[in-house]
1. With N set to the residue count of the range 136-220, report its C-alpha Rg divided by 2.2 N^0.38 Å to two decimal places.
2. Can you tell me the orientation of helix 244-257 relative to the chain, as the angle in degrees between its alpha-carbon axis and the longest Cα principal axis, to the nearest 10?
3. To the nearest 10 degrees, how steep is helix 27-37 against the longest Cα principal axis of the chain, on a 0 to 90 scale?
4. With a ≥ b ≥ c taken as the square roots of the eigenvalues of the C-alpha gyration tensor of the range 127-171, please select rounded if a/c is under 1.5 and otherwise prolate if a/b is larger than b/c or oblate if it is not?
5. Considering only protein heavy atoms, with the full assembly of protein chains and a 1.4 angstrom probe, order Thr263, Thr428 by accessible area, largest first.
6. Just name one of Val138, Val123, Leu109: the one whose Cα is farthest towards the positive end of the charge dipole of the range 109-148 (beta-carbon charges, Lys/Arg +1, Asp/Glu -1).
7. Return the FRET efficiency for the residue pair Thr26, Val123: r is the Cβ-Cβ distance, R0 is 60 Å, and the value is rounded to the nearest 0.05.
8. Quote the charge dipole size of the chain about the Cα centre in Debye, to the nearest 20; the model charges only the Cβ of Lys and Arg (+1) and of Asp and Glu (-1).
Amino acid sequence: MTTGKTGPTGPTRAAGTTGTTGAAGTDASLGDALRAAVRGPVVVRGDDGFDDARRPWNLAVDQPVAAVVEPLDADDAAAAVRFAARTGHPLLPQPSGHGASGDAADALLLRTHRMDDVTLDPVRRTARVGAGAKWGQVLTAADPYGLTGLAGSSPVVSVAGYALGGGLSWFGRAHGFAAHSVRALDVVDATGTARHVTAESDPELFWALRGGGGDHALVTALEIDLVPAPELYGGALLWPGAAAPDVLGAYREVTAAAPDALTVWFSLVHFPGAEPMTAVHATYLGPPEEGAALLRPFERAGGTLTDSRGALSPARLGSVTAEPTAPQSGLSSAELLTELTDEAAEALLARPIEPLLNVQLRHLGGALARPPADAGTEAGACGVLTEPYLLSTYGRVPDPGAAAGVRERQAELARDLRPYLTGRKPYTYLSPGESAAAAFPAPALARLRALKRERDPRGVFRANAPVLGPPSPLGSAPR
Ligand SMILES: Cc1cc2nc3c(=O)[nH]c(=O)nc-3n(C[C@H](O)[C@H](O)[C@H](O)COP(=O)(O)OP(=O)(O)OC[C@H]3O[C@@H](n4cnc5c(N)ncnc54)[C@H](O)[C@@H]3O)c2cc1C
């Protein structure tokens, strides 16, 4: 089955607005040249709609790009790559910019949302997914067949952006990184040539694209494995903030014994002007009664405010956390934890989380800590994650002045938990200013860098977090 896409609507040019642009002359001449090269809509500095077009999902990040191009299909995307290679403007593929870093000076921002076809093969349990397709589309298409993909918490994150960076799914404990569910990719390389990449056709590029980010090629479509989800259970539990010690105690008990099919997240939540709250979000790939039994220890923490748990369908996976789907302005942080001891739990709860909105623990382990199950296929660049928990935080940044307070509180929490942090961060959780070097063990980083120099020596492609970026300021943290 196939889901369609919208037709192009070209931008209008504002009268009398011109400027200059680095590699290809004036903004106006850049726009003319780009429009002559590609069929999809193009906007350059000075055009009406330029600021809307260049704005990422994370509104806290400014992207000082030179132009925005929206290819209509894979051929059009290849034309954009050739244009970038010819003119020296780096090409920044970005489905929507949940992970935007702002490292975008003079770039051509390539928006893939017009290439969002999703075609399912329920017999082979695979989906062919266009570069701009979002997880919600795949989950909705897979739902009638009792199948799901290895999606994360948000239905509006793109499959490509997420899976290229590894992708930590609700079902990662059962099935591993989403990157390891990628079977094949259609790409355009740095010379502008379209290629089909598999483990057999180009093992090194296949390895890099499974978790190493999108710095080595432009992906136009990918084929992913789906997994059975004939029965799925999940939902959210909410308590007042004062219940946090009891809920965290139950969380440690539940996660210590959890089967791989169960994934549970613990959150401290504090909306400005409201009372603090404690939340648990969970999914279980199995019968509801089994899921409910596994979560029973949480019932000891009395005073539950809401409980949305019940039978779920894959299409409703996004309802578990009900994260905002509209663009937001905020800063996140992430750390991997080696253990959740009494002392670590105490440090986590020691102070109010303000001005952060959310401090969350995600249970990892299971298949994420093992090489992929398919014998003979090497683990992708995301490798394996042996850390059992991910700590992630989020603070709203309604104006630039709020950023420092959010960063300070995130750094304070990291200091409080220092003995339990490895310093590594999953690539999809890198935040603006952090380097790809924080996401990969040294041998994987060296391999990604060598491949970048070999396949894209002139830097045609630029990822949110480039693999040749500066060393991580957190690189000295213990590994
Ligand atoms: C609300 C929210 C929930 C999230 N939940 C999860 C989660 O549960 N698990 C998880 O792992 N992550 C999660 N993330 C992080 C998310 O996976 C990253 O932000 C990721 O960058 C995907 O976002 P995007 O689709 O907007 O991609 P963008 O941020 O637009 O792009 C990400 C990068 O992917 C690469 N890329 C994208 N498309 C292509 C392409 N066609 N060709 C080459 N390279 C490409 C580029 O290098 C680009 O820099 C979440 C983020 C938010 C904001």
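1. Numbers: Rg = 13.3 Å, N = 85, 2.2 N^0.38 = 11.9 Å.
In units of the 2.2 N^0.38 Å rule of thumb, it is 1.12.
2. That works out to roughly 80 degrees.
3. Taking the Cα atoms of the chain, the angle to 27-37 is about 90 degrees.
4. Details: a/c = 1.81, a/b = 1.31, b/c = 1.39.
Because a/c hits 1.5 or more and a/b fails to exceed b/c, the range 127-171 counts as oblate.
5. On the way: Thr263 5, Thr428 55 Å².
Most to least solvent-accessible, the answer reads Thr428, Thr263.
6. Working it through, the farthest residue towards the positive pole turns out to be Leu109.
7. About 0.65, to the nearest 0.05.
8. On the way: 42 positive and 51 negative charges, 152 e Å.
Dipole about the Cα centre, nearest 20: 720 debye.
The values are calculated or read from the model by the stated rules, or taken from the named source; none is laboratory data. Not measured: the values here are computed from a predicted model. In this analysis, Cβ positions are derived from the backbone assuming ideal geometry, glycine residues included, and neighbour counts consider all displayed protein chains. SASA here: full protein model, heavy atoms, side chains in, ligands and nucleic acids out. Shrake-Rupley method; radii C 1.70, N 1.55, O 1.52, S 1.80 Å.
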